[in-house]
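Engineer: My structure is below; once you've seen it, I'll send some questions.
The values are calculated or read from the model by the stated rules, or taken from the named source; none is laboratory data. From a predicted model like this one, the values you see are computed outputs, not experimental measurements. Because the Cβ atoms are built from the backbone with ideal geometry, glycine has one as well, and the counts that use them run over all protein chains shown. SASA here: full protein model, heavy atoms, side chains in, ligands and nucleic acids out. Shrake-Rupley method; radii C 1.70, N 1.55, O 1.52, S 1.80 Å.
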Amino acid sequence: QVQLVESGGGLVQAGGSLRLSCAASTNILWFNTLGWYRQTPGKERELVAGITRGGSTNYEDSVKGRFTISRDSAKKTVHLQMNSLKPEDTAVYYCNARDFLHTYWGQGTQVTVSS
């Protein structure tokens, strides 16, 4: 059973930065894609940033130029560097991993950006 454990969330003022980490229990290069999603109450979970096995990345429009997804395969970890944070970035952030058959989720980490 694959486990994903997020860390790094917290409370930050607008304009500040946070770095989220997702530690996997297995080799992350096994996955076709790795990603970070976020969800606020009453809304559907949305993709924030993703990275493929080949290293291609994609970002939700509102975070382009501010967020960066990266991976450290030796440490089996995926990061999301979040800069210039805005109150509208407040959400629970989830790590996601997909292989050919399965989708895996972490438990989520709260990010709160105060104005």
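Engineer: Would region 79-99 turn up any residue that is over 23 Å from residue 115 (Cβ atoms) and surrounded by fewer than 17 Cβ atoms within 10 Å (Cβ to Cβ)?
Structural biologist: Of region 79-99, the ones over 23 Å from residue 115 (Cβ atoms) are 79, 94-99.
From what's left, surrounded by fewer than 17 Cβ atoms within 10 Å (Cβ to Cβ): 98-99.
Yes, that holds for at least one residue.
Engineer: Which one is most open to solvent (accessible area, probe 1.4 Å), of the residues in region 15-46 that are in a strand (DSSP E or B) and more than 14 Å from residue 104 (Cα to Cα)? Reasoning before the result, please.
Structural biologist: To start, the set of residues in region 15-46 that are in a strand (DSSP E or B) comprises 18-24, 33-39, 46.
Narrowing further to those that are more than 14 Å from residue 104 (Cα to Cα): 18-21, 38-39, 46.
Values: 18: 30, 19: 127, 20: 0, 21: 25, 38: 18, 39: 57, 46: 69 Å².
This residue is 19.
Engineer: Right, another one. Report whether or not residue 50 is farther than 11 Å from residue 109 by Cβ and touching a Ser or Thr at 6+ places or on another chain (Cβ under 6 Å).
Structural biologist: Details: farther than 11 Å from residue 109 by Cβ: yes; touching a Ser or Thr at 6+ places or on another chain (Cβ under 6 Å): yes.
Yes, satisfied.
Engineer: Additional query: Against the condition in contact with a strand residue (DSSP E or B) (Cβ under 6 Å, 6 or more places away or on another chain), open to solvent by 50 Å² or more (accessible area, probe 1.4 Å), assigned to a strand (DSSP E or B) and in contact (Cβ under 8 Å) with a residue 60 or more places away in the chain, how does residue 12 come out, does it pass?
Structural biologist: Working: in contact with a strand residue (DSSP E or B) (Cβ under 6 Å, 6 or more places away or on another chain): yes; open to solvent by 50 Å² or more (accessible area, probe 1.4 Å): no; assigned to a strand (DSSP E or B): yes; in contact (Cβ under 8 Å) with a residue 60 or more places away in the chain: yes.
It is false that residue 12 is in contact with a strand residue (DSSP E or B) (Cβ under 6 Å, 6 or more places away or on another chain), open to solvent by 50 Å² or more (accessible area, probe 1.4 Å), assigned to a strand (DSSP E or B) and in contact (Cβ under 8 Å) with a residue 60 or more places away in the chain.
Engineer: If you scan region 55-70, which residues turn out to be open to solvent by less than 60 Å² (accessible area, probe 1.4 Å) and not β-branched (Val, Ile, Thr)? Lay out the reasoning, then the answer.
Structural biologist: The first filter runs over region 55-70 and keeps only residues open to solvent by less than 60 Å² (accessible area, probe 1.4 Å), leaving 55, 59-60, 62-63, 66-67, 69-70.
Once the filter is applied, which keeps residues that are open to solvent by less than 60 Å² (accessible area, probe 1.4 Å) and not β-branched (Val, Ile, Thr), region 55-70 yields 55, 59, 60, 62, 66, 67, 70.
Engineer: Looking for whichever is open to solvent by 80 Å² or more (accessible area, probe 1.4 Å) and in contact with a helix residue (DSSP H, G or I) (Cβ under 6 Å, 6 or more places away or on another chain) here; the options are 115, 73. Which one fits? Let's see the steps before the verdict.
Structural biologist: Working: 73 fails: open to solvent by 80 Å² or more (accessible area, probe 1.4 Å).
The match here is 115.
Engineer: Continuing with the same structure: Considering each of 91, 74 in turn, give the residue that is more than 19 Å from residue 25 (Cα to Cα), free of Cβ contacts under 8 Å to residues at least 60 places away in the same chain and of a type in the set (A, V, I, L, M).
Structural biologist: Of 91, 74, the one residue that is more than 19 Å from residue 25 (Cα to Cα), free of Cβ contacts under 8 Å to residues at least 60 places away in the same chain and of a type in the set (A, V, I, L, M) is 91.
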